[in-house]
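To keep things clear, I will list the structure first and then write my remarks on it.
The values are calculated or read from the model by the stated rules, or taken from the named source; none is laboratory data. Quick caveat, the model's predicted, so the values are computed rather than measured. Cβ placement follows ideal geometry from the backbone for every residue including glycine, while neighbour counts extend to all protein chains displayed.
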Ligand SMILES: [Zn+2]
């Protein structure tokens, strides 16, 4: 068995390299768990109205620093029965 054989080339490609600016912004926002404004980076965010539609929930979020707003998109992953 040749242990030196590598599955991947030594020079690892940056996985973010192929992402567009918008995809990168999306990724960073999700990695911050929605705690940082995708436009200015502030954590001074305010949640607003929520709307549920076919396994998705949309929550309006506003940034109190730069006045941008957007909708957080949540996807249903499971149900939980309280008390069990
Ligand atoms: Zn902002």
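Brief remarks on what is shown
- Per-region count, the range 69-83, residues closer than 17 Å to residue 30 by Cβ and within 16 Å of the ligand (Cβ to nearest atom): 3
- Exclusive hit being surrounded by 14 or more Cβ atoms within 10 Å (Cβ to Cβ) and either at positive phi or modelled with pLDDT under 90 (or both), set 34, 55, 83, 41: 34
- Scanning the range 58-80 for residues that are assigned to a loop (DSSP other than H, G, I, E, B) and surrounded by fewer than 13 Cβ atoms within 10 Å (Cβ to Cβ) returns 64, 67, 76, 77, 78, 79, 80.
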